[in-house]
């Protein structure tokens, strides 16, 4: 049981429950924690996503694609996985917002599914290349001559922007989601275009080209829906 002091009141956080209750009156003052703040829900989501991604990667695996990969192959797969992870996170947050646009919600569900499949393929390819599934450094994009800290990767939303989306609803959530995702997709285009040209492994080149096309299409769709 963890205890949090807020002003003059004491709030006890029970990791086994979805609420935080005060020591004043257990029945009178209850703070409901959203699903994304509850540690058990977060752990469950991460485990489920990892299992799904690994299973999808195994299902789409093509033995004929096995070959030695270079720095571009490994770097692209590791960095684009990070990029995709945040896109899925943004989509999940948006789907939890109330009173939002049906068309944008369809796009968000497509991102969760499509980029989840991509993540599974990336994990499988990295395993085939005998490479770590995540980079062991805090730098990114060195494989394309544009090394930057990982939190400065083009298109990534800041913690402040994610928190603002969490706090939004209705038309404001629609606007923020569209803007964040358009910026996010545009930020990944250069990585995908470079890997489509320079990667050694054919499947990596084909994946990068597919990501390039799909994200351009989604940018156009988001721009149309956002008006």
Close pairs from segment 140-163: first more than 20 Å from residue 178 (Cβ to Cβ), partner assigned to a loop (DSSP other than H, G, I, E, B) and at pLDDT below 95, Cβ under 8 Å, at least 6 apart: 149/138; 150/135; 150/138
Enumeration of residues in segment 87-111 that are surrounded by fewer than 19 Cβ atoms within 10 Å (Cβ to Cβ) and either over 15 Å from residue 217 (Cβ atoms) or free of Cβ contacts under 8 Å to residues at least 12 places away in the same chain (or both): 89, 92, 95, 96, 98, 99, 102, 105, 106, 109
Residue identified as in a helix (DSSP H, G or I) and in contact (Cβ under 8 Å) with a residue 40 or more places away in the chain among 114, 224: 114
Residue match in segment 200-213 (condition: surrounded by 15 or more Cβ atoms within 10 Å (Cβ to Cβ), on the phi > 0 side of the Ramachandran plot and within 16 Å of the chain's Cα centre (by Cα)): no
Counted residues, segment 141-177 - those being over 15 Å from the mean Cα position of the chain (by Cα), within 30 Å of residue 72 (Cα to Cα) and crowded, with 20+ Cβ neighbours inside 10 Å: 2
Enumeration of residues in segment 115-150 that are touching a strand residue (DSSP E or B) at 6+ places or on another chain (Cβ under 9 Å) and farther than 20 Å from residue 194 by Cβ: 138
Index of the failed condition, residue 136 passing every other in (1) in contact with a helix residue (DSSP H, G or I) (Cβ under 8 Å, 6 or more places away or on another chain); (2) in a loop (DSSP other than H, G, I, E, B): (1)
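The values are calculated or read from the model by the stated rules, or taken from the named source; none is laboratory data. Predicted, not measured: the structure shown is a model, and the values here were computed from it. Please note: Cβ atoms are built from the backbone with ideal geometry, for glycine as well, and neighbour counts cover all protein chains shown.
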